[in-house]
Amino acid sequence: MQQVPQKILLLIGLGFYLIFTLCVARVPFFWDSILTSSIAQWFYNEGIQKSIPPLKWDAGHPTFFQIYLSIIWKVFGKTLLVSHLSILPFLWGMVYLFIKILVSLNISKSAQYIALLALLLHPYILTQSSLISYDIVQIPFFLLTLLGILYSRNIFVLIGFWGLSACSIRGQMIAITCMALFLILEYKAYKKNIYLVILALAPLICWHFYHYKITGWMISTPSTTWQGQREIANLSQFLKNLIGITRAYIDYGAIALTLLFLYSISWIFKVQLSNHQKKILIVTVAIDLVLSVSILFFSNPVGHRYFMIVHVSALLFIFSLWDNFRWKKSWLLFTLTCFISGHFWLYPYPISNGWDVTLQYITYEKNRKEFWNYIQLKRIPEKEIGSGFPLFCSKEQTNLTGGQRLTDITENNSFLVRYIAYSPVCNDMKNIVPHILKSHQYQNIKTFGKGKTAITLYYHTKQ
């Protein structure tokens, strides 16, 4: 195994993420990272205690990342800058391990540079890198696991397994899939690997039994917040999930990656694949199948980011064959065009957008800042404003600065609040707000920003 990835590649990757992180250092928590903020702040204020958050925030996931963030705040201060910098080591780890695997594939230098560029500009990965997200934290642990599979290194597989399992239930599924593949590929060393399995699974099993002992439930939560997402999908939900999974591979520029991967598959019958290439292909397909099948049959809405690890693995396989491709310049131009333009692929009503995989959300954050400044200037009480997720979240949850939440009209059916704050970013509001505005007398008093990320404040004229 080559010991040091190419220095120039590494400098490009590390430098890119350092500059990028500093550029987004004031961007608030957004989308599902708001839940991360809420749990981490609870640990920060109340202490780690039993490592399990209150029921309203507990989706059954391990809380390693939230505890890590709360400790970082204790040491360096609870600010957005510190929060974003806490992700930087994981981003650097992702770059290092990605390059490490690239170099091991014995591909040309140009293929290595293009592969790194594709990783850095992939719209899902770039957007998630701007968020304080445990989904991006899972990628370096996956790459470490993959490195262990490629070189039969038990210690890499073990540490990667623990890292994936500590982030989320979805990460645990990926970890178990990778472990199963490792055992199959290393079947001759099954006696030695028994200890690996025990060491890997012991913390995972202990966590779930511990969580069950404290809360009385495992996976299937009694919380009304999450219960609707842990049910068996009916036919309608199954079809929606199927569409959601399909969208995860074509939305926001990802279609370039999918087409490149399919083109790569066509080459497996034309060239002799190395052992590394075969293993990467097997891992990519296996994780995709496991995630897709598990997601299809549950009511949880499908997130584009769920498949980022599959995308990263697919990138490695694609560029392992890049030197064999025809029309490389055309493929490169097409991919870069899709990846860069993907941040502007927003869909009209009534189609929901994947706001946490497009940098367009930063425009929404600018509009939200103006919105909060306005309601504070006009002294409008937060409880008198109805809205949906994520706009109803308080500035304490998003900016770490304090404040109250708005009223959640999607949950409480509080249609006749004095004010309604609406944005297309609030996917849950798209079906009810037009009805409310039409059925009741609300007047537009102020709009912040333009287009799909605008925020409009309405006033009920009869109150």
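Quick note: the coordinates plus some simple rules give every number you see, no bench work behind them. Quantities reported herein were computed from a predicted structural model and do not represent experimental measurements. Because the Cβ atoms are built from the backbone with ideal geometry, glycine has one as well, and the counts that use them run over all protein chains shown.
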Projecting the Cα atoms of 71, 52, 19 onto the charge dipole of the range 1-96, where Lys and Arg contribute +1 and Asp and Glu -1 at Cβ, the residue farthest towards the positive end is 19
Beta carbons within 10 angstrom, averaged per residue: use that to sort the peptides 186-198, 26-38, highest first. 26-38, 186-198
Can you list residues from other chains, or at least 5 along the same chain, whose modelled amide H is less than 5 Å from the amide H of residue 446? 457
Determine the distance separating the Cα centre of the range 29-94 from the Cα centre of the range 435-449; give it in Å without decimals. 36
Normalised by the number of residues in the chain, what is the relative contact order in percent for Cα pairs under 8 Å and 6+ residues apart? 16
Please report, to two decimal places, log10 I(q)/I(0) for the range 56-130 at q = 0.15, 0.18, 0.26, 0.27 Å⁻¹ as given by the Debye formula with identical point scatterers on the Cα atoms and no solvent. -0.70, -0.86, -1.17, -1.21
Would you be so kind as to identify which of 440, 62, 340 lies farthest towards the positive end of the dipole of the chain, taking Lys and Arg as +1 and Asp and Glu as -1 on Cβ and the Cα centre as origin? 340
Against the empirical 2.2 N^0.38 Å scaling, what ratio does the C-alpha Rg of the range 321-377 come to? 1.78
Three principal axis lengths of the range 424-463 [C-alpha, angstrom, descending]: 28, 21, 11
Just tell me which aspartates and glutamates come within less than 15 Å, Cα to Cα, of residue 446; anything on the same chain fewer than 8 places away is out. 370
CD proxy at 222 nm, helix term only [per DSSP H run n ≥ 4: -39500 (n - 2.57); per residue of the chain; nearest 500]: -18500 deg cm²/dmol
With the cut-off at 1.5 for a/c, could you classify the range 360-460 from its C-alpha gyration tensor as rounded, prolate or oblate? rounded
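Exceeding 26 Å between C-alpha atoms, which entries from my cross-link table qualify? They are 50/100; 74/395; 56/438.
In this structure, 50/100; 56/438 exceed 26 Å between Cα atoms.
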Rg to Rh for the range 234-382: what is it, with Cα atoms only and Rh by Kirkwood? 1.10
